[in-house]
Amino acid sequence: MIETKQFYDYLINNNIDFFTGVPDSLLANLCACIKENTKESHNIISANEGNAVALAAGYHLSTGKFGLVYMQNSGEGNAVNPLLSLADEDVYSIPMLLMIGWRGEPGKHDEPQHVKQGKVTISLLDAMGIENEVLEDDYEKQIDKAIKYMKKYNKPYALVIKKGSFSTYKISKETSPYTLSREDALKVIINNLSQDDIIVSTTGKTSREIFEIREALNQGHSNDFLTVGSMGHTASIAYGLCLGTDKDVYCIDGDGSFLMHMGSLAVIGSKTLDNFKYILNDNAAHESVGGQPTCSNSLDIPGILKACGFEKVLVCANEEQIKEGIKTLKEEKRVALVLKTKQGSRDDLGRPTTTPQENKNALMHKLGVK
Ligand SMILES: Cc1ncc(C[n+]2csc(CCOP(=O)(O)OP(=O)(O)O)c2C)c(N)n1
């Protein structure tokens with residue numbers, strides 16, 4: 001196992017001093033170490049992985065240094081365009097060090113959304129012509145090799161990170177002014193929806209908690225589409241779903257996911273579908289993967305949603321406010337709720353025990369689609 005702080009120091013001593021990316025559970029210890037030891041300007045938790053590639057490219061332009069871009073392998077898709085049309089040797093040829101968490105590594109059990117991505121992680125890099133290696137415990141030689149390569153060829157270089165590579169490094173979490181947990185907020189929502197209402201929920205623990213709440217209430221799962229992967233696309237899935245049903249569709253998003261593809265809300269907000277009900281859980285963090293902060297505290301999220309076309313945005317920080325909010329969502333059009341919750345989840349939180357395809361089929365059956 002790699003001692004996380006020593007690894008970080010090795011990077012710094014080798015002039016790698018700018019970090020950007022989207023946090024990943026496999027890289028949680030490294031991300032925590034970067035956050036705790038880097039000045040704020042030099043660790044940018046980006047909205048999506050493509051933005052991180054672009055930030056590292058810009059940093060290289062003004063410093064000549066190699067930025068480090070961290071991501072889960074599911075972020076490779078978001079990064080493909082700037083890697084191929086900006087950093088690639090056929091375009092500007094801009095070096096940067098990619099560190100990619102390898103979820104779904106073949107031979108190791110992982111959740112369904114990681115299986116295919118895990119199989120193609122290396123071949124995707126190969127197809128892009130990005131030199132890559134799996135990070136080993138004696139990483140020094142590998143970093144030296146990567147730096148030599150980036151200097152010589154001016155191209156990105158990737159290190160793929162297996163589960164359990166880094167030693168524990170705890171992030172110091174900011175204390176939240178809010179008292180409601182995400183799971184309790186979800187319970188209030190579910191208890192105030194009708195049997196016909198549909199939920200489309202976001203990637204990470206939100207969907208896992210919804211699954212367990214439904215289990216505990218013995219309600220089955222046919223009203224829910226749990227977006228286990230595809231982070232940032234929940235609102236678009238929900239909106240597309242609204243087109244084919246008269247049922248009310250409650251999209252339950254997270255602030256990290258909302259930020260990842262915020263443009264989708266601009267487009268959705270400019271349209272009118274009365275059965276699209278938007279709820280954004282804002283805990284100011286990527287809580288599901290280690291609690292790295294998002295920039296939501298410096299944003300006027302209700303203002304953004306209003307600018308996107310929602311006429312009323314209600315901020316809910318307790319049970320009563322959520323109940324009132326759901327009532328308004330039901331009665332009025334173009335309403336959004338922003339939930340203010342604290343970080344944290346149960347240690348024994350499970351994962352859906354049904355497969356994504358069972359989930360899809362049950363929902364389509366419920367919607368009467370043959
Ligand atoms: C493209 C992509 N990048 C990164 C991830 C890893 N990931 C899974 S959940 C999550 C955090 C989501 O944060 P947020 O939407 O704020 O919800 P929270 O976990 O805070 O409830 C991240 C980064 C992913 N699944 N897909």
In 5 Å bins starting at 0, how do the alpha-carbon pair distances of the stretch 187-321 split up by percent? 2, 10, 20, 24, 23, 15, 5, 1
Give me P(r) over the stretch 82-126, computed from all C-alpha to C-alpha distances, binned every 5 Å, as integer percentages. 6, 20, 21, 17, 14, 11, 8, 2
Efficiency by 1/(1 + (r/R0)^6): what FRET value for residue 162 and residue 10, r their Cβ-Cβ distance, R0 = 30 Å, to the nearest 0.05? 0.95
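Which length gain, in nm to one decimal place, applies between residue 364 and residue 91 when the Cα-Cα distance is subtracted from 0.36 nm times their residue separation?
Values: separation 273, 0.36 × 273 = 98.28 nm, distance 4.46 nm.
Residue separation times 0.36 nm, minus the Cα-Cα distance, leaves 93.8 nm.
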Where does helix 319-331 land angle-wise versus the long Cα axis of the chain, in degrees 0 to 90, nearest 10? 70
Enter the accessible area of residue 324 (Å², nearest 10), with the probe set to 1.4 Å and all protein chains included. 110
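Can you classify the stretch 1-136 as rounded, prolate or oblate using the Cα gyration tensor, where a ≥ b ≥ c are the square roots of its eigenvalues, rounded means a/c under 1.5, and otherwise it's prolate if a/b beats b/c and oblate if not? Don't skip to the end; give the middle numbers.
Working: a/c = 1.74, a/b = 1.14, b/c = 1.53.
Oblate.
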Largest first and rounded to whole Å, the semi-axes √(5λ) derived from the alpha carbon gyration tensor of the stretch 275-334 read 23, 15, 10
Calculate, axis by axis, the spread of Cα positions in the stretch 101-228 along the three principal axes, and write the results as whole Å, longest axis first. 62, 36, 26
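Where both residues lie in the chain, what percent of DSSP beta bridges are antiparallel, nearest 5? Walk me through the numbers before you get to the answer.
Details: 2 of 47 bridges.
Close to 5 percent.
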Using a 1.4 Å probe on heavy atoms of the protein chains only, the accessible area for residue 137 in Å², nearest 10, reads 90
Quick one: what Rg and Dmax do you get for the stretch 184-248 from the alpha carbons, in Å? 11.5, 31
Run the 1.4 Å probe and let me know the accessible area of residue 194, rounded to the nearest 10 Å². 60
Amide H proximity to residue 180 below 5 Å, modelled H, separation 5+ or other chain, gives 342
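Quick check of the Kirkwood formula: for the chain, what is the inverse mean of 1/r over all pairs of different Cα atoms, in Å?
The answer is 21.5 Å.
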Please find, in a Gaussian network model of the chain (springs between Cα atoms separated by less than 10 Å), the residue of 346, 334, 208 whose mean-square fluctuation is greatest. 346
Per the C-alpha gyration tensor (a ≥ b ≥ c, the square roots of its eigenvalues), the stretch 95-166 is rounded if a/c is under 1.5, else prolate if a/b beats b/c, else oblate; here it's oblate
Using all C-alpha to C-alpha distances in the stretch 296-370, build P(r) with 5 Å bins and read off the rounded percent in each one. 3, 12, 14, 13, 12, 18, 20, 7, 1, 0
Return the tail of the calculated pair distribution for the stretch 1-69, meaning the percent of Cα-Cα pairs more than 20 Å apart. 23
Using a 1.4 Å probe, what is the accessible area per residue for the chain, in Å²? 45
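Of all accessible surface on the chain at a 1.4 Å probe, what whole percent is carbon and sulfur? All intermediate terms of the calculation are to be shown ahead of the outcome.
Numbers: 8150 of 16480 Å².
Result for the chain: 49 percent of the exposed heavy-atom area is carbon or sulfur.
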Taking the Cα atoms only, what angle lies between the long axis of helix 4-13 and the longest principal axis of the chain, rounded to 10 degrees? 50
Using the beta-carbon distance between residue 80 and residue 320 and R0 = 41 Å, what value does 1/(1 + (r/R0)^6) give for FRET efficiency, to the nearest 0.05? 0.35
Label-point separation, residue 25 to residue 194 (7 Å along Cα→Cβ), nm: 3.6
Could you order 90, 347 so the one with the most accessible surface comes first? Probe is 1.4 Å. 347, 90
Given the Cα-Cα distance of residue 65 and residue 311 and 0.36 nm per residue of separation, how much length would full extension add, in nm? 84.0 nm
Just to confirm a number: summing +1 for Lys and Arg and -1 for Asp and Glu over residues other than residue 44 whose beta-carbon lies under 13 angstrom from that of residue 44, what do you get? -1
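The values are calculated or read from the model by the stated rules, or taken from the named source; none is laboratory data. What you see is a predicted model; the values in this text were computed from it and never measured. With ideal geometry, Cβ positions are generated from the backbone for all residues, glycine too; neighbour counts draw on all protein chains shown. Only protein heavy atoms, including side chains, enter the accessible area calculation; ligands, DNA and RNA are left aside. Shrake-Rupley method; radii C 1.70, N 1.55, O 1.52, S 1.80 Å.
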